[in-house]
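Undergrad: There's a structure below that I have some questions on.
The values are calculated or read from the model by the stated rules, or taken from the named source; none is laboratory data. Since this is a predicted model, take the numbers as computed values, not measurements. Glycine gets a Cβ as well: all are built from the backbone with ideal geometry, and neighbour counts include every protein chain shown.
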Amino acid sequence: MRELSLNVMDIVQNSIAAGASLIVISVLEDPVAQELRIGIEDNGRGMGPEQLEQVQSPFYSTRTTRKIGLGVPFIKMSCEMTGGHFSIASVPGEGTKVEAVYKTGHIDMMPVGDMNETILLLVTCNPDLDFVYTRSAGQERFTLDTRELREVLGEDVPLGSPDVVEWIRAFLREGQDSLEESL
């Protein structure tokens, strides 16, 4: 994958397949330390120690259509190539947490990509799930929480309605613009 946003999409798809109802995504940039930290945490069915070890191998997949699973190995490889590190923790019945730390000054650092459109796509294509997305750069931060949106909109307005989609897109863009201005 050529963009980190696509790695995030892939890992979140694993969370969705694991039955998660809440997925927390964070993209935290520390310009002073030259680090980018991506975290994905879910409340899905989780994994035991053996599966947790296997999931880091490209030759393991829970899918029956093919025996190769590249999501976790790709994100692990991409951060380690920059001198960063990767961790994954999981508890059966409670969920999984993935964290990838990238060294942004490294020549092998991939572009983040269009994280806003990735988040928008995840939210609108999975209207029954809740997402919390936090993006930060230095001390500046913004958060999109679909639970808060549902509370404001009520039951009658779905997150996938055109007006809501445009509002989410604008909110993400404004948040990203404010982060870029702070750098």
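Undergrad: Which residues, counting only those in segment 152-173, are surrounded by 11 or more Cβ atoms within 10 Å (Cβ to Cβ) and of a type in the set (Asp, Glu)?
TA: Answer for segment 152-173, where residues must be surrounded by 11 or more Cβ atoms within 10 Å (Cβ to Cβ) and of a type in the set (Asp, Glu): just GLU166.
Undergrad: Among the residues of segment 19-65, write down those that are among the small types (Gly, Ala, Ser), modelled with pLDDT of 90 or more and within 26 Å of MET115 (Cβ to Cβ).
TA: Hits for segment 19-65 are GLY19, ALA20, SER21, SER26, ALA33, GLY39, GLY44, GLY46.
Undergrad: Spot the failing condition for GLN13; the list is (1) within 14 Å of the chain's Cα centre (by Cα); (2) among the polar types (S, T, N, Q); (3) at pLDDT below 90, and only one is missed.
TA: (3)
Undergrad: Can you find even one residue in segment 146-154 that is under 20 Å from ASP30 (Cα atoms) and not aliphatic (A, V, I, L, M)?
TA: The answer is no, given that none of the residues of segment 146-154 is under 20 Å from ASP30 (Cα atoms) and not aliphatic (A, V, I, L, M).
Undergrad: Any residue in segment 138-157 that's modelled with pLDDT of 90 or more: show its pairings with residues that are surrounded by fewer than 12 Cβ atoms within 10 Å (Cβ to Cβ) and part of a strand (DSSP E or B) at Cβ separation under 9 Å, as long as the two are six or more apart or on different chains.
TA: As it stands, the answer is none, since no pair meets every condition given.
Undergrad: Kindly list the number of the only condition in (1) touching a Leu at 6+ places or on another chain (Cβ under 8 Å); (2) free of Cβ contacts under 8 Å to residues at least 24 places away in the same chain that fails for THR118.
TA: Only one criterion is unmet by THR118, namely (2).
Undergrad: Does segment 154-173 contain at least one residue that is part of a helix (DSSP H, G or I) and within 21 Å of GLY44 (Cα to Cα)?
TA: Checked segment 154-173: no residue is part of a helix (DSSP H, G or I) and within 21 Å of GLY44 (Cα to Cα).
Undergrad: Could you tell me how many of the residues in segment 81-104 are of a type in the set (Asp, Glu) and either in a strand (DSSP E or B) or buried (at least 16 other Cβ atoms within 10 Å of the Cβ) (or both)?
TA: 1
Undergrad: Related question: When only residues in segment 1-50 that are part of a strand (DSSP E or B) and among the β-branched types (Val, Ile, Thr) count, which is farthest from THR82 (Cα to Cα)?
TA: ILE23
Undergrad: List every residue pair whose Cβ atoms lie under 9 Å apart, where the two residues are 6 or more positions apart in sequence or sit on different chains, the first residue falls within segment 93-104 and is under 13 Å from GLY44 (Cα atoms), and the second residue, located anywhere, is of a type in the set (Val, Ile, Thr) and part of a strand (DSSP E or B).
TA: THR96/ILE40; THR96/ILE88; LYS97/VAL24; LYS97/ILE40; LYS97/ILE88; VAL98/ILE38; VAL98/ILE40; VAL98/ILE88
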